[in-house]
Amino acid sequence: MEGNEVEAIAIKATNLTKKFNGLVAVDNVTLSISKGELFGLLGPNGAGKTTLIAMLSTMLRPTSGTAELYGYFIEKDPVKVRRSIGVVFQDTTLDERLTGRENLELHGRLYGMDRQTRQRRIKELLELVELDDRADEIVKTYSGGMMRRLEIARGLIHRPKILFLDEPTLGLDPQTRNHIWDYIKKLNAEEDVTMVLTTHYMEEADNLCERIAIIDKGKIVSMGSPAELKSELGGDIITLTAASEDVASGLADLIDYCKTLPQVSSVSKDGLTVMITATEGEKAIPELLGMISKKSDFKIESVSLRKPTLDDVFLYHTGRKMRSNGMDDMQRLRYMMRTRKR
């Protein structure tokens, strides 16, 4: 890698692995994230997203592998790494007995900011996340969206080079979630900060992130821009749903016929539904319906044509739809902390 390419890298992880009592939470992850990039880690609960963030932010030591953030290694230079990053945790960590301003003041002091710098920074952040009119109210009176905006502001108090956002809209209603997306985009642009967010919301990753790493069972199964990931499927998605369960032979014939069409790249079946990926879906549908019309015992309840989604990409790489993989990352971290105390 040439010098200017190295200088453009904010985060570089190499073979990063974490095991908890033999359980592999993060499995040999290697990735590079560019300076100023808004990068997403997408996967179900328990996929390893939070554990990966915990290692990159020096809260957990890796079992093997390493990572460097702006040239600082997570094991050799943990203090320098921590001064370079901000973290917005999945669980709320605000002091609800204090005002919004007092929460920011407290963290500014913890980072050793002088009074003048601290007050100037608090003022600009409160304006940036549009909380300046509620800054002197007790946090306990804030809505969930307001608390999340305050936590994001707190993560930026010391002007970090990297901000980690762990499930930033978890538990928020759709309207508030959309507002948080707007704030994240605005902050990424105006604060000149590299952002890494974890999410299990497909639309969140698609809407926000320049690039996405899809994580499943601790491994990165695919990585690229949303458009690049969806293009892996090779075209449109056609979904046909049979009207009755008594059509097993008809579905089998349909799947066999689909495989003979040159524009079809993949076919999968889930119960009464057949999902077909085709390069020109609008041309394939008439051919499919023509074949079906010749079979009197086989009736279709619905046919749909759409562009691929990240959900389809996850299904393509893992063979299943996104779902929870048992113990989520936060539960795993808490379990690890309990076992360390014994």
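On the Cα set of the stretch 134-224, report Rg and Dmax in Å, please.
Gyration radius and largest Cα-Cα distance of the stretch 134-224: 14.1, 46 Å.
Please express the Cα-Cα pair-distance distribution P(r) of the chain as a list of whole percents, one per 10 Å bin, running from 0 to the bin with the greatest distance.
5, 22, 27, 21, 13, 8, 3, 0, 0
Let me check I've understood the local charge: for residue 290, count other residues with C-beta under 15 angstrom from its C-beta, Lys and Arg +1, Asp and Glu -1. What total comes out?
Residues close to residue 290 contribute a combined charge of +1.
Which value does Rg/Rh take for the stretch 234-307 over its C-alpha atoms, Rh per Kirkwood?
Ratio of gyration radius to Kirkwood radius: 0.92.
At what distance in angstrom do the alpha carbon centres of the stretch 196-248 and the stretch 110-130 lie from each other?
39 Å
Under 1.5 on a/c is rounded, so check that first for the stretch 1-121, then, if it is not, pick prolate when a/b is larger than b/c and oblate when it is not; a ≥ b ≥ c are the square roots of the alpha carbon gyration tensor eigenvalues.
Oblate is the answer for the stretch 1-121, as a/c is 1.5 or above yet b/c matches or exceeds a/b.
My understanding is that a pair violates if its Cα-Cα distance is over 31 Å; which of 219/283; 140/321; 80/186; 49/123; 18/259 do that in this structure?
Too far apart for the 31 Å limit: 219/283; 140/321; 49/123; 18/259.
Sort 223-232, 79-88 by packing, meaning the average of other beta carbons within 10 Å per residue, with the highest value first.
79-88, 223-232
Have a look at the DSSP beta bridges in the stretch 9-228 and tell me what percent are antiparallel, nearest 5.
55 percent
Taking all pairs of different Cα atoms in the stretch 62-138, averaging 1/r and flipping that mean, what Kirkwood radius in angstroms comes out?
Answer for the stretch 62-138: a Kirkwood hydrodynamic radius of 14.6 Å.
Please give the net charge around residue 188, taking every other residue with its beta carbon less than 15 angstrom from that of residue 188, where Lys and Arg add +1 and Asp and Glu add -1.
With Lys, Arg at +1 and Asp, Glu at -1, the net is 0.
Using Cα pairs closer than 8 Å and at least 6 residues apart in sequence, work out the relative contact order for the chain, in percent.
20 percent
What fraction of the DSSP beta bridges in the stretch 101-260 is antiparallel, stated in percent and rounded to the nearest 5?
50 percent
Rule-based calculations on the coordinates, nothing more; no lab input. The shown structure was predicted, so the numbers you read here are calculated from the model rather than taken from an experiment. For neighbour counting, all protein chains shown are included, and Cβ atoms are generated from backbone atoms with ideal geometry for every residue, glycine included.
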